[in-house]
Amino acid sequence: MNGKEAVCLERVSRTYKRDDFEVHALDNVTLTIPERSFVAIMGPSGSGKTTILNLITGIDHPTSGRVSVGNEEINGMNENQLADWRARHIGLVFQFYNLIPVLTAFENVELPLLLTGLGKAERKTHVEAALEAVGLAERMQHYPRQLSGGQEQRVAIARAIVTDPTIVVADEPTGDLDAKSAEEILSLLAELNRRFKKTIVMVTHDSRAERFADTILRLDKGVFVGAESSLVSGGAR
């Protein structure tokens, strides 16, 4: 790690209104994630994991506090600015792949590049490099239905990295996979972190992640528990 910050949540609180009640998803949380790290945020449903991911990606906004990603403060951006920023800086990996079934692996990975100024030849070079990085160079003309679940998730990861994002955000990336495929995906994410110096922030219930991520942050009912990391200060409730 080079000491630079990929993500910084500074005294962040997030409160939701639910009927007549206020739900404090996060309360005065400070979290710093260095560049080139692989961080897994673990904990049961409802513990605040998804709230943190949504804040990092600009999908949600803090009730108070400051959110910076790649030294850009994002909670002051409007929706158009956020969409442009997200396209340039965030690679998203989901539990259910979100591949378009009528497009080949190549075409699915190419989709984010269609929003850039790259020409066809440049896009082809980027897509081929991304698919090679995830071990699917021989499957780029296959459709999702011709791939296993693990291979589909690899295509989704290639799509996430093809724009060379500042940070890869993975939301339960092994949640829909069998044990063998889940191990392979976690190993691939660790390899992308080591080989390509990608900053990866992953939310997961999968205890196998402990063997692959270099930092584990645990949430329980909205509270950071244990003293496993110096990345976190403050609390949640």
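The values are calculated or read from the model by the stated rules, or taken from the named source; none is laboratory data. For clarity, every value in this text was computed on a predicted model and none was experimentally measured. In this analysis, Cβ positions are derived from the backbone assuming ideal geometry, glycine residues included, and neighbour counts consider all displayed protein chains.
Can you tell which of G76, G48 is under 30 Å from Q151 (Cα atoms), of a type outside the set (S, T, N, Q) and at pLDDT below 90?
Testing whether each residue is under 30 Å from Q151 (Cα atoms), of a type outside the set (S, T, N, Q) and at pLDDT below 90 leaves just G48.
Within the set of pairs 6 or more residues apart or between chains, which connect a residue that is at positive phi inside the stretch 17-30 to a residue that is surrounded by 15 or more Cβ atoms within 10 Å (Cβ to Cβ) and assigned to a strand (DSSP E or B) with Cβ atoms less than 9 Å apart?
Qualifying pairs under 9 Å: N28/V12; N28/S13; N28/G65; N28/G234.
Looking only at the stretch 55-98, how many residues end up being of a type in the set (D, E, K, R) and under 13 Å from the mean Cα position of the chain (by Cα)?
Adding up the residues that qualify gives 1.
Can you tell me which residue in the stretch 68-109 is nearest to A129 (Cα to Cα), limited to those that are in contact with a His (Cβ under 8 Å, 6 or more places away or on another chain) and among the β-branched types (V, I, T)?
Taking the candidates together, the pick is T104.
Would you check which residues across the stretch 46-86 are of a type in the set (K, R) and in contact (Cβ under 8 Å) with a residue 60 or more places away in the chain and list them?
Passing the criteria: only K49.
Select from the stretch 1-56 the residues that are among the acidic types (D, E), within 27 Å of A83 (Cβ to Cβ) and part of a strand (DSSP E or B) and list them in ascending order.
Correct list: E5, E10.
Table: residues versus (1) of a type in the set (D, E, K, R); (2) under 15 Å from the mean Cα position of the chain (by Cα).
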| residue | (1), (2) |
| --- | --- |
| D164 | yes, yes |
| P173 | no, yes |
| S181 | no, no |
| N193 | no, yes |
| F196 | no, no |
| T204 | no, yes |
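Which one of the conditions (1) part of a loop (DSSP other than H, G, I, E, B); (2) surrounded by fewer than 19 Cβ atoms within 10 Å (Cβ to Cβ) does A87 fail to meet, given that it meets all the rest?
Of (1) part of a loop (DSSP other than H, G, I, E, B); (2) surrounded by fewer than 19 Cβ atoms within 10 Å (Cβ to Cβ), only one is false for A87: (1).
Condition first: farther than 14 Å from V93 by Cα and in a loop (DSSP other than H, G, I, E, B). Now tell me which residues in the stretch 167-220 satisfy that.
D178, K197, H205, D206, F212, A213, D214
Can you pull out every residue in the stretch 57-84 that is within 25 Å of P112 (Cβ to Cβ), in a loop (DSSP other than H, G, I, E, B) and not charged (D, E, K, R)?
Those that are within 25 Å of P112 (Cβ to Cβ), in a loop (DSSP other than H, G, I, E, B) and not charged (D, E, K, R): T57, G58, I59, H61, G70, N71, I74, N75, G76, M77, N78.
Given the residues R11, R36, R18, which is the only one that is modelled with pLDDT of 85 or more and surrounded by fewer than 16 Cβ atoms within 10 Å (Cβ to Cβ)?
R11
Only one of (1) over 27 Å from S207 (Cα atoms); (2) touching a residue at least 12 places away in the same chain (Cβ under 8 Å); (3) aromatic (F, W, Y) is not met by F38, so which one is it?
Tallying (1) over 27 Å from S207 (Cα atoms); (2) touching a residue at least 12 places away in the same chain (Cβ under 8 Å); (3) aromatic (F, W, Y), F38 fails exactly one: (1).
State which residue is nearest to A209 (Cα to Cα) when the search covers only the stretch 4-54 and only residues that are aliphatic (A, V, I, L, M) and over 13 Å from the mean Cα position of the chain (by Cα).
This residue is M42.
Looking at the stretch 125-142, can you tell me whether even one residue there is modelled with pLDDT of 95 or more, buried (at least 16 other Cβ atoms within 10 Å of the Cβ), touching a helix residue (DSSP H, G or I) at 6+ places or on another chain (Cβ under 7 Å) and basic (K, R)?
no
Of all residues being surrounded by 17 or more Cβ atoms within 10 Å (Cβ to Cβ) and in contact with a His (Cβ under 9 Å, 6 or more places away or on another chain) in the stretch 186-237, which is modelled with the lowest pLDDT? Just the residue, please.
Of everything passing the filter in the stretch 186-237, A236 is modelled with the lowest pLDDT.
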